[in-house]
Structures are given as C-alpha cells and as structure tokens.
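Student: Right, I'll just put the structure down here and ask away after.
Bear in mind that the values in this text are calculations on the coordinates, not laboratory data. Just so you know, these numbers come straight off a predicted model, no measurement behind them. We place every Cβ from the backbone using ideal geometry, glycine too, and count neighbours over all the protein chains shown.
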Amino acid sequence: MKNVEIKLRAHHGMCLAFFEGKGYSAGFTAHMAQILEYLEQENPTVTVVAEADCICAACPHLANGICESADLVQSYDRQVLSLCDMEEHSVLPWREFAARVAEYILSQGKRSEICGGCQWSSICKEKEALYRL
C-alpha cells in the first residue's frame with residue numbers, strides 16, 4: 001500500500017476511531033482492519049473527501065462507485081468537515097486528521113449528532129463513554 005494516494009471519507013475518521021472488527025461483510029471488515037493498521041503504522045498523507053474512498057472500495061453497498069446511502073453519508077462527511085474546520089480535499093497526515101476528529105467531535109460528544117442513527121452507533125456509543133473519561 002506504500003506510495004498510494006489515500007482518499008478517506010471525512011466521517012470515516014469517526015468510524016476508524018471506534019472500529020472493533022465488525023462490518024458489513026467479512027471481506028469489508030478485513031479490508032477496514034488492513035486500512036486502519038496501515039494508517040496507524042505509516043501515518044500516510046490522506047486526502048479527506050465526501051465521496052467513496054479506500055474503505056468504501058470493499059463495501060457491499062457500493063455500486064459503480066456510488067454508495068447506496070450516498071446522501072446520508074455525504075451529510076455525515078460535510079458535518080465532520082465543518083466541525084473540524086476543514087474543506088473537502090484537505091490534505092494532511094492521518095494522525096493530524098484523527099486528532100482533529102478526536103478533539104472537535106469525539107471528545108466534545110458530538111458524534112451522535114452526526115451519525116447517531118447509523119446501524120453501528122451502539123458500538124461507538126459504548127466506546128465513546130470510555131473515550132471521554
């Protein structure tokens with residue numbers, strides 16, 4: 001995965017913070033775990049987007065490059081970008097992006113305002129309580 005442009009959906013900054021090995025399918029979950037490991041180990045430069053990214057590539061809900069819930073997830077992305085005072089296509093190191101998400105959203109208890117209706121929200125809610133201690 002070296003020297004690869006990493007496009008990352010803005011809201012995936014939250015998903016990755018609380019990822020625990022569950023996902024839409026075994027293939028998706030394995031792919032997300034691999035992406036997270038790479039991000040944490042290599043701290044690559046990421047381009048933060050509001051469109052399908054490297055994680056979405058393995059999602060069973062992606063058809064012809066478009067998410068089945070495109071409007072919903074794009075609203076998540078736009079809210080993350082706004083709260084983190086970023087614009088789409090901002091380029092920065094992974095750890096800096098993760099730190100912004102942590103500081104401006106997760107530690108402020110704003111995650112549920114953005115994606116509280118997500119099917120994975122219960123996982124994040126449990127981890128979020130520990131995160132803010």
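Student: At a threshold of 8 angstrom on Cα-Cα distance, excluding pairs fewer than six apart, so keeping six or more, what relative contact order does the chain reach in percent?
Tutor: This gives 30 percent for the chain.
Student: A further question follows. If you line up the Cα atoms of the chain on their principal axes, what length do they span on each, largest first, in Å?
Tutor: Taking max minus min along each principal axis of the Cα atoms, the chain gives 36, 28, 27 Å.
Student: Using a simple spin-label model with points 7 Å from Cα along the Cα→Cβ vector, what separation in nm is obtained for Glu51 and Ser122?
Tutor: In this crude label model, Glu51 to Ser122 measures out at 3.5 nm.
Student: A further question on this structure: Can you tell me which aspartates and glutamates have their Cα less than 12 Å from the Cα of Lys7? Leave out same-chain residues fewer than eight positions away.
Tutor: Filter leaves Glu51, Asp53, Glu88.
Student: For Val49, enumerate residues with amide H under 5 Å from its amide H, sequence gap 5+ or separate chain, H modeled in the peptide plane.
Tutor: Long-range HN contacts for Val49: Leu8, Arg9, Ala10, His89.
Student: Can I ask one more? By DSSP, what percent of the beta bridges with both residues in the chain are antiparallel, rounded to the nearest 5?
Tutor: Beta bridges within the chain, antiparallel portion: roughly 60 percent.
Student: Mind checking which of Ala99, Ile55, Gln119 is farthest towards the positive end of the chain's charge dipole, using Cβ charges of +1 (Lys, Arg) and -1 (Asp, Glu) about the Cα centre?
Tutor: Gln119
Student: Now a separate question. Let me check I've understood the local charge: for Gln74, count other residues with C-beta under 15 angstrom from its C-beta, Lys and Arg +1, Asp and Glu -1. What total comes out?
Tutor: Within the 15 Å Cβ shell, the charges total -4.
Student: Between Ala30 and Gln108, what length in nm is gained on full extension when 0.36 nm per residue of separation is reduced by their alpha carbon distance?
Tutor: Once the chain is fully extended between Ala30 and Gln108, it gains 25.1 nm.
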